[in-house]
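Only one structure is covered here, and it is reproduced in the block below.
Quick note: the coordinates plus some simple rules give every number you see, no bench work behind them. Nothing here was measured: the structure is a model prediction, and the numbers come from that model. Because the Cβ atoms are built from the backbone with ideal geometry, glycine has one as well, and the counts that use them run over all protein chains shown.
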Amino acid sequence: MALADTLSSNASSARRDWAPNRLRPWAVGALAALLVATAAGILLWMGREAICKCGTIKFWQGIVQSSENSQHIADWYTFSHVIHGFLFYGLFWLIRRLTGLPIFFGLALLLSIVVESAWEIAENSPAVIEHYRSATISLDYYGDSVLNSVSDILSMVIGFLIAWAVPVWLTVTGALAMELIVGWLIRDNLTLNVIMLLWPMDWIKTWQGGA
């Protein structure tokens, strides 16, 4: 009961911080589904595989150095997308608080889906794929399947909703725990991924390779 009361109290406080809702929940859900479907359509148009070339669908793919990584529903990088949801929630909440812009919860969620979808599309462009292959240890990386990209977007949504439902300290603790545990287990995480995408460092690449 105490945990339920805490979550309920925090959710009520979060709702007060946002502008009054201008869309009904079903409308937000419908628009969210449309945005995700649009992203999937664009990825298919770009020539991305709908599912893994292996012809199977797995809920979990835990081997990073594999041609099946980023091809199934969930993998070690799913946690990074949950953290994306934490960050987007905090970003739009902060923009709302600092600027007074009429950003309501549903709008913040939809904008987050737009940003995450744009990233998935950019990440699967030939230039970014080649950059990952040349600058990181992801030699077997040929881009995500559409199934994986959609799952990544939905993982971000889950993270966004978690950030809304729980106290800030728990969100921050969860993000740090995921980064540390995933980083320890696979020598990669969101922080390292960003570093190697923007400022590749040979010593990190060597360490990630197991040296």
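The relative contact order of the chain, computed from alpha carbon pairs under 8 Å that lie at least 6 residues apart in sequence, is 30 percent. Shown here for region 126-211: trypsin sites (Lys or Arg not before Pro) in loop regions (DSSP other than H, G, I, E, B) with at most 16 other Cβ atoms within 10 Å, namely Arg187. Between Ser80, Ser149, Ser66, find the one with the highest GNM mean-square fluctuation for the chain; connect C-alpha pairs within less than 10 Å. Result: Ser66 has the largest fluctuation of those listed.
Averaging the Cα positions of each part gives two centres, and for region 31-61 and region 81-109 these lie 26 Å apart. Computed from phi, the 3J(HN,Hα) profile of region 111-124 under the Karplus parametrisation 6.51, -1.76, 1.60 (θ = phi - 60°) reads 5, 5, 5, 4, 5, 5, 5, 4, 5, 4, 5, 5, 4, 9 Hz, with x in place of Gly and Pro.
The Cβ shell under 15 Å around Leu180 holds other residues with a net charge of -1, Lys and Arg each +1, Asp and Glu each -1. Taking amide H atoms as placed 1.01 Å from N in the peptide plane, the amide H of Ala19 lies under 5 Å from those of Ile103, Phe104, Phe105, each 5 or more residues away in sequence or on another chain.
Computed on the chain, the Cα convex hull volume stands at 142 Å³ per residue. With R₀ set to 35 Å, the beta-carbon distance separating Trp169 from Thr99 gives a calculated FRET efficiency near 0.90. For region 27-82, the set of chymotrypsin sites (Phe, Trp or Tyr not before Pro) satisfying both a DSSP loop assignment and a count of at most 14 other C-beta atoms within 10 Å is given as Phe59. With K and R counted +1 and D and E -1, the other residues having a Cβ less than 12 Å from that of Ala122 yield a net charge of -4.
Starting from 0.36 nm per residue, how many nanometres of slack lie between Gln65 and Ile195 once their C-alpha separation is accounted for? Separation in residues times 0.36 nm, less the Cα-Cα distance, equals 44.9 nm. Per DSSP helix of 4 or more residues, -39500 (n - 2.57); summed, then divided by the residues of the chain. What does that give at 222 nm, rounded to the nearest 500? After summing the helix terms and dividing by the residues of the chain, the value is -22500 deg cm²/dmol.
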